[in-house]
Amino acid sequence: MMKIILATHNADKRNEMMAALADLNIEILSLEDFPQVGEIIEDGHTLVENAKIKAKAVFDITGIPAISDDTGLLVDALDGAPGVYSARYAGEHATYSDNVNKLLDEMKDILAQNRGAQFQTSMVFLNNDTELMANGIVKGQITETPKGVGGFGYDPVFYIPEQEKTFAEMTIQEKNQISHRGIALRNLKGILHSYLNHPQIQENA
């Protein structure tokens, strides 16, 4: 059974990823068990670049295959912001609430029909010279006020019209079925399943 580190210190993100990957024949490890990795500087210009940076850093230090992701919220009325800066939109040490409040403040004069947005996730698996990538996108709208107590990040203000709910009003199972990260995970899972069952890979694992 292959061991794989989920390259994130974000417990909420890790829980979503573990739930989606639970039925693969892998042993999922937490980055918290590898303090030697330390802080990883995500200085890429795209989500894919940041995901690659994290996966490579973890693999280079631990020698264990890694899965990483980077996610961005792209708001139409803000010309795609906050994008790669989503996690630190209100500053380097911003909380979820700080980021949400900044977003809502910047959109306070935006009409309902112009509040379209999308979440994008880029996900990377890295093992030696093997790099597998997958993406996920979900479109929605930014609400005028937070709704719901579940989820994390911008979930309370990201509304899915078809579901008539924000991500924060959904269960983790409901969210994973339609979310950007859920889509990326399913795409990666299919690729990873084939990779894990390749005879040569199994021999080298």
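Brief remarks on what is shown
- Pairs, first at positive phi in region 171-186, second charged (D, E, K, R) and not in a helix (DSSP H, G or I), C-beta under 6 Å, six or more apart: none
- For region 107-116, the criterion of a residue being more than 17 Å from LYS13 (Cα to Cα) and in contact with a Pro (Cβ under 9 Å, 6 or more places away or on another chain) is satisfied by no position.
- Here LYS175, LYS147, LYS139 are screened, and the one residue that is of a type in the set (Lys, Arg) and at pLDDT below 95 is LYS175.
- Restricting attention to region 3-59, the residues that are outside any loop (DSSP other than H, G, I, E, B), aliphatic (A, V, I, L, M) and without any contact (Cβ under 8 Å) to a residue 12 or more places away in the chain add up to 1.
- Residue in region 34-47 that is surrounded by 16 or more Cβ atoms within 10 Å (Cβ to Cβ), within 17 Å of ASP70 (Cβ to Cβ) and within 12 Å of the chain's Cα centre (by Cα) present: yes
- For region 113-133, a residue qualifies if it is modelled with pLDDT of 95 or more and more than 18 Å from the chain's Cα centre (by Cα), and the qualifying residues are GLN113, ASN114, ARG115, GLY116, ASN127.
- Failed criterion for PHE167 (all others in (1) more than 28 Å from LEU192 (Cα to Cα); (2) in contact (Cβ under 8 Å) with a residue 12 or more places away in the chain hold): (1)
- Inter-residue pairs, beta-carbon under 7 Å, first within 30 Å of ARG186 (Cα to Cα) and surrounded by fewer than 22 Cβ atoms within 10 Å (Cβ to Cβ) and in region 98-125, second among the acidic types (Asp, Glu) and modelled with pLDDT of 95 or more, 6+ apart: GLY116/ASP76
- Index of the failed condition, ALA205 passing every other in (1) buried (at least 16 other Cβ atoms within 10 Å of the Cβ); (2) of a type in the set (A, V, I, L, M, F, W, C); (3) modelled with pLDDT under 95: (1)
The values are calculated or read from the model by the stated rules, or taken from the named source; none is laboratory data. Keep in mind that what you see is a predicted model, and the values were worked out from it rather than measured. All Cβ positions, even for glycine, are placed from backbone atoms using ideal geometry, and neighbour counts span all protein chains on display.
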